[in-house]
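S.K.: Submitted below is the structure of interest, expressed as structure tokens.
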Amino acid sequence: MSFKAVIFDFGGVITSSPFEAFNRLEAERGLPRDCVRRINATNPDDNAWARFERAEIDAAAFDQAFAEEASALGLDVRGADVISCLAGDLRPRMVAVLDALKAEGLIIGCITNNVRAGKGSAMVFDDARAAEIAAIMARFDHVIESSKAGVRKPDPRIYAMMCDCIGIAPEACIYLDDLGVNCKPAAAMGMAAIKVSGEDQALADLRALLGRPESWPG
């Protein structure tokens with residue numbers, strides 16, 4: 001297959017996963033491991049997190065609504081605590097992949113579920129980091145943010161929006177995401193989906209699909 005585009009999730013792919021930060025928060029607060037993910041997985045289409053990612057509520061409303069959902073599960077954690085964990089660390093080799101793909105003439109896109117918090121698309125709170133992230137986001141030919149589009153993964157519409165925007169059929173696209181639930185709609189459309197569990201694995205799988213050597217991206 002001759003691929004023409006590679007579409008990336010951002011958090012958990014270009015940056016480290018926010019789930020790692022959630023686990024640190026849980027450990028610091030004496031909360032059960034993965035409880036933040038458990039809260040977010042309860043009523044996943046209409047809970048506080050889903051509504052926040054679609055920009056249906058603001059940060060203050062999310063803070064309260066998340067706290068109420070946590071309380072219903074016997075947990076004490078607020079939405080503001082979760083927001084503070086969202087910005088991951090950049091993965092330099094994944095950034096190098098973006099540059100290599102661009103140099104080879106492939107289209108690169110980004111579909112990210114994010115919220116209106118912090119500074120910029122990656123929801124950071126530091127000006128220097130915000131500028132760094134902005135420089136990376138500028139590499140993409142097209143970016144779709146759930147908080148701006150009003151639709152979030154895994155809604156199939158967001159993947160179709162990307163294909164329409166870049167003018168490339170799903171069958172000619174590779175899609176990378178750290179969540180299997182977000183990979184499934186992309187695969188169902190015909191994209192070659194890579195579930196990212198780590199940087200080495202993501203690079204190896206991408207090289208295999210593109211037919212690149214182990215030294216790629218250089």
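S.K.: For the condition at pLDDT below 95, under 18 Å from the mean Cα position of the chain (by Cα) and surrounded by fewer than 14 Cβ atoms within 10 Å (Cβ to Cβ), what is the one hit in 20, 53?
M.R.: Every option except 20 fails the conditions.
S.K.: Which of (1) without any contact (Cβ under 8 Å) to a residue 60 or more places away in the chain; (2) crowded, with 18+ Cβ neighbours inside 10 Å; (3) hydrophobic (A, V, I, L, M, F, W, C) is the odd one out, the single condition residue 61 does not satisfy?
M.R.: Here residue 61 clears every test but (2).
S.K.: Of the residues 128, 172, only one is surrounded by 14 or more Cβ atoms within 10 Å (Cβ to Cβ) and of a type in the set (A, V, I, L, M); which?
M.R.: On inspection, the qualifying residue turns out to be 172.
S.K.: Just to be sure before I move on: is residue 185 touching a helix residue (DSSP H, G or I) at 6+ places or on another chain (Cβ under 7 Å), of a type outside the set (A, V, I, L, M), outside any loop (DSSP other than H, G, I, E, B) and under 25 Å from residue 51 (Cβ atoms) in the structure I sent?
M.R.: yes
S.K.: Write out, first by first residue and then by second, each pair whose Cβ atoms fall under 6 Å of each other, whose residues are 6+ apart or on separate chains, and whose first residue, in segment 34-49, is assigned by TED's automatic domain parsing to the domain that holds residue 154 while the second is exposed (fewer than 13 other Cβ atoms within 10 Å of the Cβ) and not β-branched (Val, Ile, Thr).
M.R.: none
S.K.: While we're looking at this one, here's another question. Could you pull out the residue among 160, 130 that is hydrophobic (A, V, I, L, M, F, W, C), under 25 Å from residue 85 (Cβ atoms) and not in a loop (DSSP other than H, G, I, E, B)?
M.R.: 130
S.K.: Another question about this same structure. Working carefully through the options 148, 153, find the one that is out of contact with any His (no Cβ under 9 Å at 6 or more places or on another chain), assigned by TED's automatic domain parsing to the domain that holds residue 101, assigned to a loop (DSSP other than H, G, I, E, B) and within 23 Å of residue 62 (Cα to Cα).
M.R.: 153
The values are calculated or read from the model by the stated rules, or taken from the named source; none is laboratory data. Keep in mind that this is a model prediction, so the values were computed, not measured. Quick reminder, even Gly has a Cβ in these numbers, built from the backbone with ideal geometry, and neighbours come from all protein chains shown.
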